[in-house]
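Take a look at the structure set out below.
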Amino acid sequence: MDEEPERPSSRQERLRRALPEYRRGPDADADLPAHEHEAAGDAAPETGGFLNVERLQTALTDPVYGYMIVMALSLGLTPLAPDVRYMILWTLIFAMGALVFLLGPDDHRADATPANLVWGAGFGLLIGVPALALVAPALALTSAQLFPAMSDMSVYMALVFAMPPGETLFFRGALQGSRGFRAAALAAGGWSVLLFAPNLGTLTEVVVVGIAVIALGFAYAYVRQRNGLAAAWLCQVITSALLLFAPRLG
C-alpha cells in the first residue's frame with residue numbers, strides 16, 4: 001500500500017513548493033512580490049507610506065524653507081507690539097537654526113579656537129567702536145526707534161542673548177553652510193530690513209538702516225567664513241551691544 005504523501009504543514013509551505021523560485025534557497029523570499037508576501041504570512045516591505053521620513057528631514061534641514069516662513073511671519077506679525085514680535089521671530093529663527101545645526105553634517109566645534117574667538121571679537125570692536133565714537137547720537141535715536149517702550153535691560157537681553165544666537169545659527173550656520181557666503185549675507189540683510197522697518201518713521205531711515213544692516217550681514221558672513229561660526233557669533237554680540245545698546249547709556 002502506497003504511503004500517503006506528507007502534507008504541507010502551513011499555507012506558506014504550500015506556496016514555497018508551488019513556486020519554483022523558492023527552490024533556489026532560503027534567501028529567495030526577498031524576490032517574492034508584495035501580495036505574495038502577504039499571502040505567505042510575511043510582512044510586505046515598507047514603501048514609504050504617508051510620512052516619508054527622509055523627505056521630511058530634508059525639508060527641515062533646508063534653510064530656504066525656514067527663511068520663507070520667518071519672512072512671511074515677519075510681515076504677518078507686524079500688528080503686534082515690537083518686543084513681542086521680536087521675541088517670537090528670534091525664538092523661531094533660533095529654533096530653525098539649531099535644528100539644522102544639530103541635524104546637518106557640519107561640525108563647527110573645530111573652529112572655536114581662542115585665536116578665532118579673538119579675531120571675532122576684534123572685528124566686532126573694529127566695527128562698533130569707530131561708529132560709536134562718530135555717530136553716537138544717531139545710534140541712540142535709532143535704538144530708541146527700533147526698541148520703543150523697552151527698558152535698557154530688555155534691550156540688552158535682546159541684543160546680546162536673543163538676536164545674535166538665533167541669527168548666527170540660522171544665517172551663518174545653516175544658510176551659509178548650504179547656500180554660500182553671498183546668499184547668507186543678502187538673506188540676513190533682507191531679514192533685518194523687514195524686521196526693523198515697521199518701527200522706522202520715514203523711507204530715508206529705512207534706506208539708511210537697510211544699507212547698514214546689509215553691510216553688517218556681509219561682515220558677519222565674512223567672519224564666519226574666515227574664523228568660524230563661534231567667531232561670527234561673538235562678533236555680532238559685540239557689534240550689536242556697541243551700536244544699539246551703548247548709545248542708550250550716554
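Within the set Ala241, Ala187, Ala212, the sole residue that is of a type in the set (Gly, Ala, Ser), under 15 Å from the mean Cα position of the chain (by Cα) and at pLDDT 95 or above turns out to be Ala187.
The set of residues in the stretch 199-230 being closer than 22 Å to Ala115 by Cβ, small (Gly, Ala, Ser) and either free of Cβ contacts under 8 Å to residues at least 60 places away in the same chain or in a helix (DSSP H, G or I) (or both) consists of Ala219, Ala221, Ala230.
Taking the criterion of being in contact (Cβ under 8 Å) with a residue 60 or more places away in the chain and surrounded by fewer than 17 Cβ atoms within 10 Å (Cβ to Cβ), no residue of the stretch 179-189 qualifies. When the stretch 116-159 is limited to residues that are in contact (Cβ under 8 Å) with a residue 60 or more places away in the chain and under 16 Å from Leu229 (Cα atoms), the one that is surrounded by the fewest Cβ atoms within 10 Å (Cβ to Cβ) turns out to be Ala121.
Counting the residues of the stretch 230-242 that are of a type in the set (A, V, I, L, M) and crowded, with 23+ Cβ neighbours inside 10 Å gives 3. Number of residues in the stretch 147-182 that are under 19 Å from the mean Cα position of the chain (by Cα) and not in a helix (DSSP H, G or I) equals 1. Yes or no: Leu134 among the aliphatic types (A, V, I, L, M), at pLDDT 95 or above and more than 21 Å from Val160 (Cβ to Cβ)? The answer is yes for Leu134.
Residues that are part of a helix (DSSP H, G or I) and either among the hydroxyl-bearing types (Ser, Thr, Tyr) or surrounded by fewer than 18 Cβ atoms within 10 Å (Cβ to Cβ) (or both) within the stretch 100-110 comprise Leu102, Leu103, Arg109, Ala110, listed in sequence order.
The values are calculated or read from the model by the stated rules, or taken from the named source; none is laboratory data. From a predicted model like this one, the values you see are computed outputs, not experimental measurements. We place every Cβ from the backbone using ideal geometry, glycine too, and count neighbours over all the protein chains shown.
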